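Before any comments, here is the structure.
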Amino acid sequence: MRVAGARGITRSRIPLIAMLALAATAGLAGCEGDNGEDTTGPSGPTGPVGPTGPTGPTVPPTVPIEDGGPVTIGNGSTLTSEQIEAIGGLVATLDSAAITDNKAVIQFTVKTSHGGPVLGLAATTLRLGVAKLVPSGGGLPSRWQSYINRNATPSNTATGFVPALASAIQANTESGTAAGWQEVGNGVYRYNSATNLATVTSPIAVAYEPALTHRVSIAIDLSGAAARALAPDNPFRDFVPAGGSVTSNKLIADTRNCAACHVRFAEHGGPRRTNEYCVVCHNPASVDPDGGESVDFAYMAHSIHRGENRDQAYRVWGFNGIEYDFGDVTYPQSTLFCENCHTKSAAAPQGDDWLSNPSAAVCGGCHDAGLGKSGPAAATGRYTYTYVHTFAVLAGTVFDDGTCGGCHRDQGAAGSILESHRRDDRLSVELGRAYTYKILGTTGTAAGQKPTVKFQVLKDGQPVDVKALTTGRLRIDFAWSTDDIHNVADLTTGAEVYAQDEGGALVVEIVRDGPTANMAFVTANGDGTFTYASPTALPAGVNGDMMVVLEGRRAENGEQVWPSSATFFPGKARASLVEQSRCENCHEFLVAHGGSRAGDPNVCVICHNSSAGFAEEGIGPLAFGAWMHNLHDGNLGDITFPQESTARCETCHKPGTYSAAREKALPISTAAGADARAVGDDTWDSATAGTCRGCHESGAALAHMTQNGGVIGRVGGKKLVPSTATESCVVCHGPDRSVDTARVHCEAVSVGTCTD
């Protein structure tokens, strides 16, 4: 969906010359019969003036769609691209829902993203779901049960493929019919369902229980390009048909939590947008016959997010026999942070149910190694699950689903579910949040000077005695210059030599699983702060614009602890193009190199700078921008990006920071030459071309870059000259230019907004 920057529909205008011709034609008609002779008769007396006639009807002005005007949409198939862009997206609200004569009756409103009414919506675009909430019982959590179901047969007809099941029950929705459809006007519609909830017997019997919580939810399923671009979020209503308040519900994962990483769903071609609609079909009575897997929402979502770490890859087949193998999904954080999806809130009042309602069917999506199942039962369409733990003390013991809560609870044999998840990466992050690293000041940061760094380590706000540290790691890093980090140590001889191999920072290890020799140069200041005084002068390449970093993991009771690193700029600060908070929408907490580098992504550039390239590993540029683009686009392994496209640049970037490389950005090394310290023998790319090629890697794209001053893979001859001296990218791709980078990336995003 493209909301930002929507343009209006092209409106025809009659040219002036055509208007003149029209007027001339009208004038000639008034002179019909004129042959050059005077045919005018004598003038008669002027008659009396008649009374004023009634005022004629007022013709309303035409309001453009982008200004909130109406639009007639049908099923969407005839909408032009200009109309789709002008509409921006649809907004649907479910105004009322009830069960009358055992059938769902709803009224809803559909508007454009600009507030204009959507007229002429076809009945066939409606997808109506109706389900009841079966209460918890027998140790199992409550579950949604759809009234509308189908008996699905395998969709994969490939020769040699053997489906797991001959058929399986799947929940379904009702497609709107003309008989139940009424357009009230001004974007308002009513629909009377054809499904009699009291007589559902096929393909499974579902008893109508009006005293239970029921959910009615809708999708608008358009055709053509409009299906993905315009489909609205799915409104829903939870109510009790028999009357009274809803006292039992199952709102456990707010769609907005998912949007932090996925931005916006567009499933089944586009119209399935929200969790609350999805669970009406994706409930325990829905099974994929091809692979035999449940597509219950909890089990499915857990299995997908567990991805490559699952014991058995989660595979299902969709319509038209398309296989979806989620065994290669890479999750960008620890799956132990359940609350990133499941958080109690006004929109998800049962968001903390995961803490008290374990089950084999739900938890088995992640913990699938011991999961067993039988069925599905013909009468219900559901599997019956069991679980076998891998712990030696329980090895071979089969537990029935519904008994999990006996041990997995506060004071239970296995302890609380939250405590069970407080381990490994999650524990490292949680313990790290107790620590604060600070750099309080520096002196002597010019070439030839011996720098000092005043710093502090706090735990729970209290100073830590750095001199007493015997575990973990603590280090101070020096990098320069902040216009664009390069870490070149010698600018005086023309040799241009890096301070460390491949442009790494100058590193001072203070603790590395015990104090190092550098601890002798650390002095306690008596107030909980410490000062490191370097015995070594800074090299000639330093110009005072330095970046200083305090970093390192801690260790507690054998556990790794990951505190956030601290950065300090004694002179001019380095401009930041990305934000930690944006990265952590998906990553929970940024951490690398075993926890030694954590927190602010700017820390990474002390080594991942324009000089970083590792020929021996054959992985090309490690400059931060190029490295991140390559990673997120999947070029350096099997990384999967959780959005439809990497074109949504502001997932990571601050607005206005990605039209081209920064003005003083240096060429980036893609591989070190024979001398790992020498600048001039590196293979290199110019800054913008080398960064953009991480996503734009086709031959045509690379040719376009080089034709406009970009350099790709040049061997030797690299100098510390900004790439803007040769690259002309901003002429066309700069802000408000003909091919503005932000605009064209935005236009490539079809789901959700592309900017803040």
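Rule-based calculations on the coordinates, nothing more; no lab input. On a predicted model such as this, the values are computed, not experimentally measured, just so you know. Note: ideal-geometry Cβ built from the backbone for every residue, glycine included; neighbour counts use all protein chains shown.
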Revision key, fill the gap. Sorting 514, 602, 691 by the position of each Cα along the dipole of the chain (Lys, Arg +1; Asp, Glu -1; all at Cβ), the one nearest the positive end of that ordering is 514
Point to revise | Cα gyration tensor shape of the range 217-267, rounded if a/c is under 1.5, else prolate or oblate by comparing a/b with b/c | key: oblate
Practice item. Can you check how the C-alpha radius of gyration of the chain compares to 2.2 N^0.38 Å, as a plain ratio? Key: 1.23
Study note, to complete from the structure: Assertion target for 359, 294, ordered by fewest C-beta neighbours within 10 angstrom first, is 359, 294
**Study point:** Gyration tensor verdict on the range 274-322 (Cα atoms; rounded if a/c is under 1.5, prolate if a/b is larger than b/c, oblate otherwise)
**Key:** oblate
**Study point:** Debye intensity ratio I(q)/I(0), log10, the range 423-609, q values 0.14, 0.19 Å⁻¹ (C-alpha model)
**Key:** -0.78, -1.36
Practice item. With 23 Å as the limit, write out which pairs from 111/654; 103/344; 664/719; 103/132; 344/438 have Cα-Cα distances beyond it, or answer none. Key: 111/654; 103/344; 344/438
Study note, to complete from the structure: With no solvent term and unit scatterers on the alpha-carbon positions of the range 569-693, Debye gives log₁₀ I(q)/I(0) at q = 0.10, 0.17, 0.22 Å⁻¹ of -0.32, -0.98, -1.55
**Study point:** Dipole moment magnitude, nearest 20 debye, the range 307-402 about Cα centre, only Lys, Arg, Asp, Glu C-beta charged
**Key:** 200
Check your understanding: Taking a ≥ b ≥ c as the square roots of the eigenvalues of the Cα gyration tensor of the range 371-415, is the shape rounded (a/c under 1.5), prolate (a/b larger than b/c) or oblate?
Key -> oblate
Point to revise | Cα pair distances in the range 538-586, grouped into 10 Å bins until the bin that holds the longest one, percent each | key: 19, 34, 31, 15, 1
Check your understanding: In whole Å, how far is the Cα centre of the range 553-569 from that of the range 586-646?
Key -> 20
Practice item. Using only Cα atoms, figure out Rg for the range 301-440 and give it as a multiple of 2.2 N^0.38 Å. Key: 1.24
Review point. In the range 126-277, how does Rg compare with the Kirkwood Rh, expressed as the Rg/Rh ratio over alpha carbon atoms?
Key: 0.99
Review point. If the viscosity is 1.306 mPa s and the temperature 10 °C, what Stokes-Einstein diffusion coefficient in µm²/s follows for the range 470-513 when Rh is the Kirkwood radius over Cα pairs?
Key: 135
**Study point:** Segments 495-503, 461-469 sorted - mean Cβ within 10 Å per residue, highest first
**Key:** 495-503, 461-469
Exercise for review: Quick one: give the max-minus-min coordinate of the C-alpha atoms of the range 614-756 along each principal axis, largest first, in Å.
Suggested key: 48, 35, 27
Review point. What is the dipole size for the chain, taken about its Cα centre, with +1 at each Lys and Arg Cβ and -1 at each Asp and Glu Cβ, in debye to the nearest 20?
Key: 1080
Revision key, fill the gap. What helix-only [θ] at 222 nm does the chain give? Using -39500 (n - 2.57) per DSSP H run of at least 4, over all residues, to the nearest 500, the answer is -4000 deg cm²/dmol
Check your understanding: If we count other beta carbons within 10 Å of each Cβ, what is the order of 331, 532, fewest first?
Key -> 331, 532
